[in-house]
Amino acid sequence: MTKIQSFFFTISLCFAVLFVSSAAEATLGIIDNLPEKPGRVGRLLQAVLINIDGRRAEVVATQRELVALPAVNPESGGIGEDEKARWIENWLHRQGLPPAERVDSPDERVPAKVRPSLIIRWPGSSGRTLWIVGHLDVLPPAPEALWAESPWVLRVDGDKLYGRGTQDNNQSIATGLIMLQALAQERATPHLGLGLLFVAGGKSVFSDTQSINHVLTARPDLFKPDDLIVVNDQGSDEGGLTEQTAQGVLQLKVTVQGKQAHATQPHQGVNAVQAGAGLIQNISRLHAALPKASSPFVPDVPIYSVTHVEAGSGVHDQIPGSFTFYLDCRFPPHYTADELQAAVRAVADEAESGDGVVIHLERILVIPDMPHTIATAPTAHFLHQAIMDELKVKPQTEMSAATIAAELRSHKLPVTVWFLCDSNESAAEEHASITSHIQSARIFTRMLFYSDEPYAK
């Protein structure tokens with residue numbers, strides 16, 4: 001061996017010894033509580049992050065089990081979330097992790113007669129908690145013919161995982177579970193405790209008997225004022241979008257009453273479908289006619305969407321005497337549900353006088369404008385810092401559709417919504433990437449270790 005080779009070998013050996021020593025100290029859990037020295041905190045954080053990086057196989061295995069449990073909401077004709085919740089409870093037991101606290105709400109529509117929500121916790125040193133909130137239920141699979149394979153069997157294609165629920169919201173569940181595995185294996189006590197809350201009925205916001213409201217009623221002391229709360233349910237593929245406020249929602253059932261007649265004698269009837277079609281066209285133009293206000297939100301005007309129709313008598317040679325459609329209206333905070341409904345009523349009045357029909361409006365759902373979470377709130381601050389450190393992108397704040405975050409804000413809890421996804425949850429061939437699970441877990445882990453001061457590298 002030459003002198004130069006010997007020199008480089010010695011240098012390499014020194015670095016290897018230093019690396020192994022630091023990694024062993026973190027892996028063995030020599031420090032059970034956060035020390036005051038940032039260097040050791042940084043090493044423990046890195047140990048947990050490296051542990052998470054090695055859990056791609058666990059992501060696939062967990063998603064395979066979750067996808068096979070079709071936890072479709074009973075409002076969509078499904079069996080609910082009980083089997084899925086029981087699988088998570090058994091998984092925690094097999095891993096030797098703390099058991100979940102289960103909060104059941106009664107529901108006679110499902111075989112189990114209850115809808116479960118799960119609360120899972122890992123302790124921190126500060127007494128404060130970072131809550132990751134997701135939901136157990138999934139959407140119906142849409143026409144299964146649009147899927148390449150069964151939506152209830154996980155399909156792995158490189159980095160992509162295909163199957164109903166892989167993104168919405170199994171990704172949040174699997175992300176939380178691999179974080180628990182990593183924290184336990186490293187025997188880590190971060191500054192913030194980790195709280196995972198997976199609720200039933202996350203696709204049915206503002207239900208008094210299901211979803212987050214039932215949990216808050218049963219456990220009013222669950223969230224502390226200085227906890228950090230992230231609803232892991234909506235976002236973007238580059239991970240830079242966070243949401244601090246949500247659109248209001250107005251859903252209307254619109255019934256157009258005409259007069260049925262035989263198709264050979266249309267003059268004796270009033271065609272409700274034709275009148276309804278004209279009404280829909282006029283409603284679609286409403287956003288341009290409504291008064292505008294200066295707003296930082298995008299979109300800054302209401303959105304009217306027809307989502308479902310019920311028409312005719314089912315007889316092909318009959319002029320239909322009734323036509324029903326459902327209208328979903330989303331609006332930014334400077335509008336109200338009353339204003340939107342009044343605008344629809346004005347258009348309906350014109351249709352009544354012009355087409356000879358009678359139009360009834362029935363409110364199905366109203367979610368009013370919710371309080372905002374200010375961009376400087378601790379949850380947003382530490383999440384933005386973690387996103388920048390992990391993804392190297394500058395976070396931006398937008399307004400989102402209604403999620404269970406709106407319900408939390410109605411209880412005066414500051415919440416940020418964030419998700420690393422490409423928003424395909426409603427479509428056939430729903431998918432999520434393995435990488436997005438790992439990166440999400442790394443971002444939340446950074447938040448656990450970040451203190452009340454900005455993280456110093």
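Readers should treat all values here as calculations from the given coordinates under stated rules, not as data from a laboratory. Here the structure is a predicted model, which is why all the values come from computation and not from measurement. For neighbour counting, all protein chains shown are included, and Cβ atoms are generated from backbone atoms with ideal geometry for every residue, glycine included.
Sorting I404, I119 by the number of Cβ atoms found within 10 Å of their own Cβ, with the fewest placed first, yields I119, I404. For A277 and I303, the FRET efficiency from 1/(1 + (r/R0)^6), where r spans their Cβ atoms and R0 equals 22 Å, is about 0.65. When both region 140-187 and region 55-103 are represented by their alpha-carbon centers, they are found 11 Å apart. Considering only the other residues whose Cβ falls under 14 Å of the Cβ of A432, what net charge follows from Lys and Arg at +1 and Asp and Glu at -1? Every neighbour counted, the sum reads -4.
The string of couplings for region 337-343 from the Karplus curve (6.51, -1.76, 1.60, θ = phi - 60°) is 4, 4, 5, 5, 5, 4, 5 Hz, one whole number per residue in order, with x for Gly and Pro. If R0 is taken as 51 Å, the Cβ-Cβ distance between D389 and Q265 corresponds to a FRET efficiency of 0.10. Cα to Cα, under 19 Å, and not fewer than 8 places away if on the same chain: which aspartates and glutamates meet these conditions relative to K113? Counting by Cα, and skipping residues close in sequence, K113 has these aspartates and glutamates nearby: E75, E81, D82, E83, E89, E101, D104, D137, D208. Compactness of region 248-367 is given as radius of gyration and Dmax, 15.8, 55 Å, from Cα positions. Holding the Cα-Cα limit at 27 Å, pick out from K84/K253; K253/K412; K160/K394 the pairs that are longer than that. From K84/K253; K253/K412; K160/K394, over 27 Å: K84/K253; K253/K412.
Between A148 and S426, what FRET efficiency comes out of the Förster formula 1/(1 + (r/R0)^6) with R0 = 22 Å and r the beta carbon distance, rounded to 0.05? About 0.80, to the nearest 0.05. If the segment from Q95 to A61 were pulled out straight at 0.36 nm per residue, it would be longer than the present Cα-Cα gap by 10.9 nm. Modelled label positions at K412 and D328, each set 7 Å beyond Cα in the direction of Cβ, lie 3.3 nm from each other.
In the distance distribution for region 58-198, Cα-Cα pairs more than 26 Å apart total 27 percent.
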